[in-house]
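Take a look at the structure below.
The values are calculated or read from the model by the stated rules, or taken from the named source; none is laboratory data. Everything quoted here is computed from the prediction, not taken from an experiment. Don't worry about glycine lacking a Cβ; one is built from the backbone with ideal geometry, like all the others, and counts go over all protein chains shown. The protein model used for the area step is the full one, side chains on, heavy atoms only, and it has no ligands, DNA or RNA in it. Shrake-Rupley method; radii C 1.70, N 1.55, O 1.52, S 1.80 Å.
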Amino acid sequence: MFGRSKEINKSTAWKRLESQAKKMRKIQMRDMFDKDPKRAEKYTLKLDNMVLDFSKNIIDDKTFECLLKLAKQAKVKQKIEQMFAGDKINITENRAVLHIALRNKDNTPIYVDGKNVMPEINNVLAKIKSFSEAVRLGKFKGHTGKKLTNIVNIGIGGSDLGPKMAVEALRKYWGKGINCYFISNIDGTACAEVLSKLDPETTLFIVCSKTFTTIETLTNAKTCRHWLVDALGEPAVSKHFVAVSTNAKEVEKFGIDTENMFEFWDFVGGRYSMWSAIGLIIAIAAGYDNFEKMLAGANAMDKHFLNSEADKNIPLILALISVWYNNFFNVRNHAVVAYDQYLTYLPAYLQQLVMESNGKFVNLDNKFINYQTSPVIFGGAGTDVQHSFFQMIHQGTSFVPCDFIVPAISHNEVGEHHEILLANVLAQSEALMKGKTVAEAASELKSAGKSVDEINRLKKYKSFKGNRPSNTIIFKKIDAYALGMLVAMYEHKTFVEGVIWNIDSFDQMGVELGKQMALKILPELQGSRESKDHDSSTKALIKMIKKMRK
Ligand code: G6Q
């Protein structure tokens, strides 16, 4: 129903892009800038307090037109409308995909199986509001009557990365005295290190798990529960534990009163869930007003995405540019560099969003794909990463498209720090685009007074091929509204890429096999079952580990 009769790499738009890429490989961006003084203006889009400059990409009018045709051929517009209408576009799990409903500020009805989902969403939002305010104001107190100031999110994957990224992004807005912690890894160190800093009397645990069956989360939650009960006794649990889940039965079984449970729904995928009660810690840390602003920012991006023409549509254009390099330049990576210390966890969040959504090799027609899907996403905070992996971005043998994200105004305008930071981000994108020819490097060496021998020895090492693409995304300031826009922009970009590749961006079957095998290996490691049915490497490793642990 949602597949396409013709594979996208057989479409005329794809074929046209292949020949266009051959042509564009010979073109230098710096020449296109020289020829067209309006290039930046032409390839810049604005939305509220956000600017996207995508002019430093290896595209021209013809390329842009072909990319838009590809989107048309892939029926991107129709797919966007299907998502917003609540159609079950997650076909492998037969689910609607409605993170957009979580921030549907206009409250227009959205139906799934004939039922409007908005009333339930609004009820949970009201519950998030009243609970987060009660905790912040000290009205919801711990068992011994103390204010809850240490908020611990226990969850993993989608139940961790989004809230963790957003809570850090909004650190400047944290309520006075509030501290946030995240426990995700099954590694006992994660739990031990966090618990060692906490006082049970002032600690609130939020157990976030859509399924409430995830072994890491349940094991961590159990350990934290024991820690609390040891200190304050069983009756304290209801004052120190709340759950966010779709699975009331398992929440109850775990020993959390369903009164203390915040619901969410199957139509919200884990990695798209920070807008739901999974974001409870965001509301507690930064205040419900900011949580609402974040939803409003995302909603503004949703409306832009749904209503803008393709050639003005920010997430759609970013997706097309990504497909352009991925499928026509054989590029396998994409770097996201946020020049904002508070966005430190954005790349980790995006790694899941993009790679879990689009790292797929079966299409919507149930066929193996013979073209490249998700790139590898990596990144970090600028300027730090300029002193680590940027060497490869500037002089590596293949290019890595970059997204540079930066606020014009910092939350911490200390001395000239922010201006230096801004100068750096602009310098990076310009340097990547322009490069420095061998002749330019030679003339620089000459001006520095180097000998002819020295110049000849060094000029290639000091050259930069340039023509390395990047997008620059500027916000006035990264407040909660801007954060909402930014994250929604990437969600929709990821969706459009998936539509073009004709894959289901909303399941994650690829994480299952390892989980299944771990369950089999666990009793073997614990000694209760003999290791068999493994390859010789795994068998030997089990044996060695058991010996070391004796
Ligand atoms: C995200 C994935 C996955 C999920 C975790 C945690 O889209 O579904 O990362 O969020 O596996 O699952 P639970 O929330 O069910 O514990």
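Considering the stretch 256-279, and only residues there that are more than 23 Å from ALA96 (Cβ to Cβ) and open to solvent by less than 30 Å² (accessible area, probe 1.4 Å), the residue that is nearest to the ligand (Cβ to nearest atom) turns out to be ILE256. Among the residues making up the stretch 382-425, those that are open to solvent by 20 Å² or more (accessible area, probe 1.4 Å) and among the charged types (D, E, K, R) are ASP384, GLU413, GLU416, GLU419.
Using the structure shown, decide if TYR349 is buried (at least 18 other Cβ atoms within 10 Å of the Cβ), touching a Pro at 6+ places or on another chain (Cβ under 7 Å), hydroxyl-bearing (Ser, Thr, Tyr) and touching a residue at least 12 places away in the same chain (Cβ under 8 Å). Spelling it out, it is not the case that TYR349 is buried (at least 18 other Cβ atoms within 10 Å of the Cβ), touching a Pro at 6+ places or on another chain (Cβ under 7 Å), hydroxyl-bearing (Ser, Thr, Tyr) and touching a residue at least 12 places away in the same chain (Cβ under 8 Å).
Candidates in the stretch 48-68 are the residues that are surrounded by fewer than 18 Cβ atoms within 10 Å (Cβ to Cβ) and outside any loop (DSSP other than H, G, I, E, B); of these, the one that is nearest to the chain's Cα centre (by Cα) is VAL51. Checking each residue in the stretch 517-537 for being open to solvent by 80 Å² or more (accessible area, probe 1.4 Å) and either among the small types (Gly, Ala, Ser) or in a helix (DSSP H, G or I) (or both) picks out MET517, LEU519, SER528, SER536.
Note on the stretch 498-516: residues that are within 16 Å of the ligand (Cβ to nearest atom) and assigned to a helix (DSSP H, G or I) amount to 9. Residues in the stretch 393-415 that are of a type outside the set (S, T, N, Q), part of a loop (DSSP other than H, G, I, E, B) and either in contact with a Cys (Cβ under 8 Å, 6 or more places away or on another chain) or farther than 18 Å from ARG332 by Cβ (or both): ALA408, ILE409, HIS411, GLU413, VAL414, GLY415.
Residues in the stretch 219-231 that are within 16 Å of the ligand (Cβ to nearest atom) and of a type in the set (Phe, Trp, Tyr): 0 in all.
Would you check if ASN307 is more than 16 Å from the ligand (Cβ to nearest atom), surrounded by fewer than 24 Cβ atoms within 10 Å (Cβ to Cβ) and of a type in the set (S, T, N, Q)? Against the criterion (more than 16 Å from the ligand (Cβ to nearest atom), surrounded by fewer than 24 Cβ atoms within 10 Å (Cβ to Cβ) and of a type in the set (S, T, N, Q)), ASN307 qualifies. For the stretch 44-88, filtering for residues that are in contact (Cβ under 8 Å) with a residue 12 or more places away in the chain, closer than 19 Å to TRP501 by Cα and not charged (D, E, K, R) leaves 13.
For the stretch 159-186, the set of residues classified as open to solvent by 40 Å² or more (accessible area, probe 1.4 Å), away from the ligand (no atom under 16 Å from the Cβ) and over 24 Å from LYS146 (Cα atoms) consists of LYS172 only.
Buried (at least 24 other Cβ atoms within 10 Å of the Cβ) and closer than 24 Å to ASN123 by Cβ - does that describe any residue in the stretch 218-239? No, every residue in the stretch 218-239 fails to be buried (at least 24 other Cβ atoms within 10 Å of the Cβ) and closer than 24 Å to ASN123 by Cβ. For ALA480, are the conditions met, namely being of a type in the set (A, V, I, L, M, F, W, C) and either within 16 Å of the ligand (Cβ to nearest atom) or surrounded by fewer than 22 Cβ atoms within 10 Å (Cβ to Cβ) (or both)? When the stated conditions are applied, ALA480 does not pass them. Whether a residue is more than 24 Å from GLY158 (Cβ to Cβ) and acidic (Asp, Glu) was assessed, and GLU416 passes this test. Checking each residue in the stretch 113-139 for being surrounded by 18 or more Cβ atoms within 10 Å (Cβ to Cβ) and either over 17 Å from ASN299 (Cα atoms) or aromatic (Phe, Trp, Tyr) (or both) picks out VAL124, ILE128, PHE131, SER132, VAL135, ARG136.
In the condition set (1) away from the ligand (no atom under 16 Å from the Cβ); (2) part of a helix (DSSP H, G or I), ALA348 is compliant with all but (1). Across the stretch 69-116, the number of residues qualifying as small (Gly, Ala, Ser) and in a strand (DSSP E or B) comes to 0.
Within the stretch 197-218, identify whether any single residue is more than 16 Å from the ligand (Cβ to nearest atom) and closer than 24 Å to GLY484 by Cα, and answer yes or no. Checked against the condition, which is being more than 16 Å from the ligand (Cβ to nearest atom) and closer than 24 Å to GLY484 by Cα, the stretch 197-218 yields no hits at all.
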